[in-house]
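See structure below.
What follows is calculated from the coordinates using simple rules that are stated; it is not laboratory data. Just so we're clear, the structure is a prediction, and the values are computed from it rather than from any experiment. Positions of Cβ are generated from backbone atoms using ideal geometry, with glycine treated the same way; all protein chains shown enter the neighbour counts.
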Amino acid sequence: MGSERRQLWSGTSPSGNPFALPRGPFGPVAGLLMARGNRRQNAEVLAYCGVAPEDEVLEVGHGPGVLLGLLAERARAVTGVDPSPQMVRMALRRNFAAVRAGRVRVRVGSAEHTGAPDASADLVVSVNTVAMWPRLDAAVDELHRVLRPGGRLVLSWHLSPARFALAPDERAEVREALARRFGAADTGDLRHGAVFFARR
């Protein structure tokens, strides 16, 4: 996925990437690989977010549901959306107790179409999905819509391997898209992922 070979946010989903929309026989395998491979990045994003006990959280592209469970231990309630029905089922199984207790809800959805009400989230978080969104501006508009005034948006994307990392111009494009909609945006590096932050 080197920057010279890819064209991000072109309006079409990255159909050649099995992790963008896990499905078919490889879907559960992709989910297990993501659960294992993203564990450290999920933990550092969780720490970065500073989740408060009263927060209503929306996770976009929750995959197998590892971060959903971590968020549910800290927030009042967590909703997850993912475009893959297989990942929704995997997240339901992984977080069965929290779902049963009403602390976690999951459904099919995407960054452009979360299905969340206006101004319903204190925090929106997404790990390793932003470069797979079909349309960057449309997704940013949607995530701005669902955040309450003062709400935070936190996006993270791979720093390694290098072929997965965002090129400088791609990273600038994400920051600029956030700044256009939110008025300002920050970006930086954590240990395992690049992070983008905006506040409504």
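General remarks:
- Entry for Cα extents along the principal axes in Å (calculated from the structure that is shown) out of (1) 82, 41, 32; (2) 46, 42, 30; (3) 41, 40, 39: (2)
- Charge sum, other residues only, whose C-beta stays under 13 Å from Arg200's C-beta, Lys/Arg counted +1 and Asp/Glu -1: +1
- The 3J(HN,Hα) values that the Karplus relation (6.51, -1.76, 1.60; θ = phi - 60°) gives for segment 76-89 are, in residue order, 5, 7, 10, 10, x, 10, 8, x, 9, x, 5, 5, 4, 5 Hz. Gly and Pro appear as x.
- Modelled spin labels at Asp141 and Arg199, positioned 7 Å past Cα toward Cβ, are 2.6 nm from each other.
- For the chain, built as a Gaussian network whose Cα springs stay under 10 Å, the top-fluctuating residue of His62, His113, His144: His113
- Where labels lie 7 Å past Cα in the beta-carbon direction, separation of Ala119 and Arg163 in nm: 4.7 nm
- Rounded if a/c under 1.5, otherwise prolate or oblate - segment 82-178, Cα gyration tensor axes: oblate
- Near the amide H of Arg105, within less than 5 Å, lie the amide hydrogens of Val78, Thr79, Gly80, all on another chain or at least 5 residues away, with H placed in the peptide plane.
- Fluctuation leader among Ser120, Ser84, Ser156 - the chain, Gaussian network, Cα springs under 10 angstrom: Ser120
- Nearest-20 debye value, the chain charge dipole, Cβ charges on Lys, Arg, Asp, Glu: 640 debye
- Most mobile listed residue (Pro149, Pro85, Pro117) in the chain, GNM with C-alpha springs under 10 Å: Pro117
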